[in-house]
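Inspection log for the structure reproduced underneath, given as structure tokens.
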Amino acid sequence: MSKRFTHCLRIQFFPNHYEDERISEVVDYCVKYGFDNVMLFINAEEYFVGHMTVEEAKPWIETLKKAKRAFSEKGISVSLNPWTELGHLDRKRTLKEGQNFNTMVDFDGNKADIVACPLCENWKKYFLDFYTYLITELEPDTIWVEDDFRLHNHGHLHFGGCFCDEHMRLYNEKLGTNYTREEFADKLFRKNPEKRVRKAWLDVSRECMVNLATEIGNHVKGLGLGTKIGFMTSAHDWHSLEGRDWHGLHKGFASGGKMINRLHLPCYGEISAKQYYHLFSRLPFHCRALIPNKTAIYPELENGAFSTFAKEAKFLQFQLESAIPLCIEGMTYDIYDFVGNGVVNSFKYGEAIKEITPYLNGVLSLNLQYNQLEGVILPIDEKTVYKRNAKINNFADLFPDESHFNAYLTSLGISTKVSTKKSFNGKVVALGGGNAYNFTKPQLESLFKDNFVIVDAGAVRILLERGLGHLVGATGSEILYAECDVHSYEQVLGGILINGKSGYRVTAFGKAGNYVRINYKDESGAKSYVYDYLGNKMGVGIMQGESYYVIPYIMDNMHLEQYHDLRTTLLKRFIIKANTGVVLTNHAGVYAFLYKQKRRRVLIVVNSTEEDFSVTNLELCNVEFTKIYKLSRKSGRRVLAKFEQKGSQIEIKAKNEHLSTQTFILE
């Protein structure tokens with residue numbers, strides 16, 4: 001029997017509040033719209049009581065047992081989502097009698113009221129006992145560890161881990177010192193940052209969370225009831241602040257069993273689809289590369305405000321199907337109130353989900369693996385925070401920024417592959433922002449020698465700092481800040497046509513990011529120059545060598561002027577010239593995800609624009625095939641697609657509709 005896409009509805013039933021009525025209607029809803037699993041909340045959001053006791057949980061468990069019986073009768077499995085492990089934030093709750101927990105402390109000495117330190121043995125005993133009670137009473141298919149399993153983002157506490165007495169003891173033990181919290185913070189990022197202090201802080205945090213995950217995983221396995229652990233995660237760049245060991249955590253929770261993750265989809269309320277999918281490319285698409293390849297992925301689709309004004313059914317459907325490039329096995333849905341109102345049929349969410357379920361099953365049958373992706377290589381490193389250099393008293397400098405540049409390239413409609421590897425051969429590789437810190441000098445030299453490399457100005461400055469400016473022919477640089485300095489516009493060299501026009505120009509002072517005037521030993525590879533408002537040449541713009549391409553701006557955010565035709569046309573020409581197994585849609589906001597399997601390739605096209613196209617136009621670089629099949633959005637079956645090809649240009653006779661995806665099989 002082929003695998004089916006799993007729809008998992010997250011819902012909360014409040015004890016003795018119309019519970020029979022609510023349970024009955026949710027069961028009917030799940031049967032009607034094909035939900036295979038229900039994730040039942042306990043101690044969630046509005047009804048959060050702090051670290052819940054067994055006595056407080058008993059009425060909830062009775063209601064959940066009743067719900068489980070009703071779901072089980074219809075063949076619907078039940079999982080459990082306790083909303084609190086360490087605690088998201090205090091919310092004016094307090095510890096209860098006997099809960100003598102050590103709570104988290106930030107680098108300024110602010111202390112949480114209830115958010116537990118993961119090193120606290122009293123909390124750990126309470127937590128494992130409470131888990132034992134929940135699992136033995138309900139016997140859920142899966143128990144989900146919430147994304148409060150982290151050392152940051154806990155309400156009023158400053159970002160950056162825990163600095164309680166026990167953590168301070170471990171930091172000092174690593175260093176062979178006796179620093180106070182204040183002295184340690186000074187050496188971490190304030191007065192005189194030291195790399196060894198940063199490493200000790202990260203190493204302790206990393207080990208602390210992996211050890212805890214392993215202990216929880218072993219404990220749940222030891223109960224012998226077959227309950228699996230699912231791990232909820234949010235933005236990977238924030239998690240980097242604890243030096244997160246992604247493989248260690250997933251293996252720890254799984255305890256030799258199935259690894260499960262609920263990746264965060266970055267949109268609790270409806271926004272522009274272009275904006276959303278750029279965030280998707282920067283966050284879950286990158287985070288997926290950090291997670292073990294064989295992990296079962298069930299992303300989080302949430303309507304945080306629980307109305308159709310916040311999220312229409314069509315947008316929810318787009319989020320659902322546009323998550324398939326993550327190679328998902330299902331989806332979790334947090335789309336109705338936490339407060340226990342049940343489902344709201346008038347939202348039409350059920351219809352939107354059911355409509356494309358055959359298509360989702362068809363995609364699932366292709367057995368796509370995330371590591372099968374091919375295209376421009378986007379490096380990522382879970383230890384990037386170890387390499388970050390904090391300026392004096394600026395903790396934010398420790399955050400990674402390379403995924404901004406990587407997401408930019410993906411959003412141009414270029415097929416990409418996020419990779420944690422350091423060595424490539426004959427590929428197009430993007431090196432943006434702080435990523436140049438994540439490679440050793442020999443690795444960087446090999447990277448430029450063996451591949452075609454696209455760099456932004458931030459990476460060039462790091463290369464210069466590390467004595468490797470020669471890799472792009474650079475001898476020095478100077479930042480000219482956006483809307484502050486006199487640089488005004490960029491113009492291509494004579495003989496270069498953009499949109500059929502000579503002398504094409506684009507702004508250089510506004511929404512393009514900070515311009516970096518890079519000095520080159522030889523300017524013969526310049527494709528454009530930057531000028532001031534009086535027309536005086538100020539410096540080189542785009543620089544192209546035989547195997548490298550320099551974008552002269554710091555790509556540390558979504559800079560909309562980088563989508564200008566002057567910039568995207570020249571960049572794509574470089575990629576096409578490299579001819580290394582890449583697909584281009586040639587329309588920003590229409591994404592391409594290419595998977596290489598035995599004897600075939602699978603191409604997923606995601607249209608995040610508001611445009612409908614009567615056919616699907618693509619440019620294929622070193623991608624060979626003789627037949628194209630399209631998966632039907634109605635049945636999920638393969639249908640032979642007609643196409644016309646002229647050189648690398650291909651026109652597939654299939655509509656490319658807005659807010660939708662297409663899946664093609666190239667054989």
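Values quoted throughout were computed directly from the atomic coordinates according to the rules given, and no laboratory measurement underlies them. Predicted, not measured: the structure shown is a model, and the values here were computed from it. When we count neighbours, we look across all protein chains shown, and the Cβ atoms used for this are built from the backbone with ideal geometry, even at glycine.
Summary table below
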| item | result |
| --- | --- |
| Estimated Rh, the stretch 247-318: Kirkwood, alpha-carbon pairs, angstrom | 13.6 Å |
| Cα-based Kirkwood hydrodynamic radius, the stretch 584-666, one decimal, Å | 12.9 Å |
| Least to most buried among PHE101, PHE130 (fewest other Cβ within 10 Å first) | PHE130, PHE101 |
| Per DSSP, loop GluC sites (Glu not before Pro) in the stretch 131-226 with at most 15 further Cβ within 10 Å | GLU194 |
| Low-density loop positions, trypsin sites (Lys or Arg not before Pro), the stretch 495-541 - DSSP coil, at most 14 other Cβ in 10 Å | LYS521 |
| Considering only the chain, percent of DSSP beta bridges that pair antiparallel, nearest 5 | 60 percent |
| Cα-based convex hull volume of the stretch 27-97 per residue, rounded to whole Å³ | 99 Å³ |
| Prolate/oblate/rounded label for the stretch 343-407 (Cα gyration tensor, a/c 1.5) | oblate |
| Paramagnetic reach from ARG637 in the stretch 1-31 [backbone N under 20 Å; point 7 Å along Cα→Cβ] | 1-5 |
| Nearest 10 degrees, 0 to 90: helix 273-282 Cα axis against the chain principal axis | 90 degrees |
| Normalised per residue, the volume of the convex hull around the Cα set of the stretch 375-579 (Å³) | 117 Å³ |
| Computed Rg/Rh of the stretch 99-172, alpha carbon atoms with Kirkwood Rh | 1.04 |
| Value in Å of the Kirkwood radius, where the stretch 421-488 supplies the Cα pairs that are averaged | 12.7 Å |
| Tilt relative to the chain, helix 54-73 - C-alpha long axis, 0 to 90 degrees, to 10 | 80 degrees |
| Calculated from backbone phi, Karplus (6.51, -1.76, 1.60) coupling profile of the stretch 285-300 in Hz, x at Gly/Pro | 5, 7, 4, 4, 5, 7, 8, x, 4, 7, 5, 7, 10, 10, x, 9 |
| Cα Rg, Dmax, the stretch 119-231, angstrom units | 17.2, 53 |
| Kirkwood-based shape ratio for the chain, expressed as Rg/Rh from alpha carbons | 0.98 |
| Stokes-Einstein D in µm²/s, Kirkwood radius over Cα pairs - the stretch 1-64 at 25 °C with 0.890 mPa s viscosity | 185 µm²/s |
| Residue order, fewest to most beta carbons within 10 Å, for ASP397, ASP186, ASP334 | ASP397, ASP186, ASP334 |
| Mean residue ellipticity (222 nm) of the chain, computed from DSSP H runs ≥ 4 via -39,500 (n - 2.57), nearest 500 | -9500 deg cm²/dmol |
| Hits among aspartates and glutamates - C-alpha to C-alpha of LYS74 under 19 Å, sequence gap 8 or more where chains match | GLU19, ASP20, GLU21, GLU25, ASP28, ASP36, GLU139, ASP141 |
| Trypsin sites (Lys or Arg not before Pro) within the stretch 1-63: DSSP coil, no more than 13 neighbouring Cβ in 10 Å | LYS3 |
| Cα-Cα over 28 Å, subset of LYS596/LYS642; LYS251/LYS449; LYS383/LYS449; LYS92/LYS311 | LYS251/LYS449; LYS92/LYS311 |
| Restraint check, LYS187/LYS387; LYS96/LYS124; LYS421/LYS527, Cα-Cα greater than 19 Å | LYS421/LYS527 |
